1. Could you check how many percent of all C-alpha pairs in segment 40-88 are farther apart than 17 Å?
2. Below 20 Å, Cα to Cα, which aspartates and glutamates can Lys71 reach? Residues fewer than 8 away in the same chain don't count.
3. Only four residue types carry charge here, +1 at the Cβ of Lys and Arg and -1 at the Cβ of Asp and Glu. Report the dipole size of segment 28-86 about the Cα centre in Debye, rounded to the nearest 20.
4. Set the Förster radius R0 to 25 Å, insert the Cβ-Cβ distance between Arg79 and Arg50 as r into 1/(1 + (r/R0)^6), and round the FRET efficiency to 0.05.
5. Is segment 1-93 best put as rounded, prolate or oblate by its Cα gyration tensor, with a ≥ b ≥ c the root eigenvalues, rounded for a/c under 1.5, and otherwise prolate when a/b is larger than b/c, oblate when not?
6. For n ≥ 4 DSSP H runs only, could you compute -39500 (n - 2.57) per run for the chain, divide by its residues and tell me the 222 nm figure to the nearest 500?
7. Might you work out the accessible area of Lys48 for me, using a 1.4 Å probe with all protein chains in place, and round it to the nearest 10 Å²?
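The values are calculated or read from the model by the stated rules, or taken from the named source; none is laboratory data. A quick note: this is a predicted structure, and the numbers were derived from the prediction, not measured. Using ideal geometry, Cβ is built from the backbone for each residue, glycine included, and neighbour counts are taken over all protein chains shown. With ligands, DNA and RNA removed, areas are computed over all heavy atoms of the protein, side chains included. Shrake-Rupley method; radii C 1.70, N 1.55, O 1.52, S 1.80 Å.
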Amino acid sequence: MEIARSNIVRSNAGRDKGKLFVVLAVEGEYLLLADGKSRKVESPKRKKRRHVLFVSAEETRLAEKIKGEEKITNSELRRTLAACREAIQPDQEG
């Protein structure tokens, strides 16, 4: 699957291994990633495509804003990633 802007990806290499990120831009074989906490929108992480795994391509309001090149906030990123994390691994009640 081709990774595009506004997709949600998981890092599978480096010190941020296992963390979820939103793709803000695609530059050749590099992706600009942000999560709103450790990597803010103002200073996204530049990471090679082969070092991330595709997770989701949901059509949310945030995805529309990224594709439309509107200004996005770090809190929007955190909220979207938290919802995605919850959908992937719902809390185990036992």
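1. Of all Cα-Cα pairs in segment 40-88, 46 percent lie more than 17 Å apart.
2. Counting by Cα, and skipping residues close in sequence, Lys71 has these aspartates and glutamates nearby: Glu27, Asp35, Glu42, Glu58, Glu59.
3. Roughly 380 debye, rounded to the nearest 20.
4. Taking R0 as 25 Å, the efficiency between Arg79 and Arg50 is 0.30.
5. Verdict is rounded for segment 1-93.
6. Helix-only estimate at 222 nm: -7000 deg cm²/dmol.
7. Accessible surface of Lys48 is approximately 50 Å².
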